[in-house]
Amino acid sequence: FHRSPAKFQPFISAASPGETWLKVRPLKDTDFDRGFLQLLSQLTTVGNVSRTQFLTRFSQMKASGDYFVTVIEDTRKNEIIGAASLVIERKFIHNCSVRGRLEDVVVNDTYRGKQLGKLIVVTVSLLAEHLGCYKMSLDCKDKLIKFYKSLGYVLLPGNSNSMTIRY
Ligand code: 16G
């Protein structure tokens with residue numbers, strides 16, 4: 001009886017991401033030199049962000065205490081190959097609760113098939129839960145709905161239409 005090997009993906013976690021040379025960890029200053037911004041440019045426009053601009057923005061994020069940027073590093077190549085951010089939004093509602101937003105999820109497209117997208121989204125989602133978020137939300141392209149559904153995210157028809165105004 002032949003079964004697809006894809007159904008028998010090994011168990012992976014942030015502590016054990018499937019390959020000894022992959023590391024899941026928080027973003028750090030030196031990731032500017034590990035291609036962090038080049039990775040983000042696989043998601044959308046990054047622009048010409050200088051080292052100083054990167055460091056200033058990152059230190060603002062850290063000072064606020066509400067940004068948790070998680071990355072996957074390929075330690076063989078000294079390169080960032082995956083990233084996802086949790087942004088905490090403070091509320092009055094739900095007993096002054098906090099809401100999580102999953103942002104800027106990207107995995108280098110040459111690392112497909114290693115379940116790294118799942119790994120980084122699950123890692124950041126667990127972090128949101130751990131930090132007391134009452135819900136976690138995201139915006140994504142149509143083609144990624146299936147992926148996020150497989151990780152437990154749901155579309156709420158009629159209830160939570162995402163709307164945008166661009167400047
Ligand atoms: C996607 C991202 C969002 C990112 C945006 C950039 C996820 C879950 N969603 O919606 O975080 O900021 O793309 O696209 O990663 P934009 O440049 O059109 O705003």
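Looking across E103, E79, E129, one residue alone is away from the ligand (no atom under 16 Å from the Cβ), of a type outside the set (F, W, Y), within 24 Å of M61 (Cα to Cα) and under 15 Å from the mean Cα position of the chain (by Cα). It is E129. Within the stretch 58-76, identify whether any single residue is in contact with a Gly (Cβ under 6 Å, 6 or more places away or on another chain) and modelled with pLDDT under 95, and answer yes or no. No: zero hits.
Checked against (1) open to solvent by 30 Å² or more (accessible area, probe 1.4 Å); (2) touching a Leu at 6+ places or on another chain (Cβ under 8 Å); (3) over 18 Å from S41 (Cα atoms), L151 passes all but condition (2).
For the stretch 16-36, how many residues meet the condition of being assigned to a helix (DSSP H, G or I) and closer than 23 Å to I88 by Cβ?
Pass one, the stretch 16-36, residues assigned to a helix (DSSP H, G or I): 29-34, 36.
With closer than 23 Å to I88 by Cβ added as a condition, the list becomes 29, 31, 36.
Of the residues in that region, 3 qualify.
Taken as a whole, the structure places K135 among residues that are in contact with a helix residue (DSSP H, G or I) (Cβ under 9 Å, 6 or more places away or on another chain) and open to solvent by 80 Å² or more (accessible area, probe 1.4 Å).
Scanning the stretch 72-103 for residues being charged (D, E, K, R) and crowded, with 16+ Cβ neighbours inside 10 Å gives a total of 6.
The values are calculated or read from the model by the stated rules, or taken from the named source; none is laboratory data. Since the model is a prediction, treat every value here as computed from it, not as a measurement. So basically every Cβ, Gly included, is an ideal-geometry build from the backbone, and we count neighbours across all protein chains shown. In case anyone asks, the SASA skips ligands and DNA or RNA and just uses the protein heavy atoms, side chains included. Shrake-Rupley method; radii C 1.70, N 1.55, O 1.52, S 1.80 Å.
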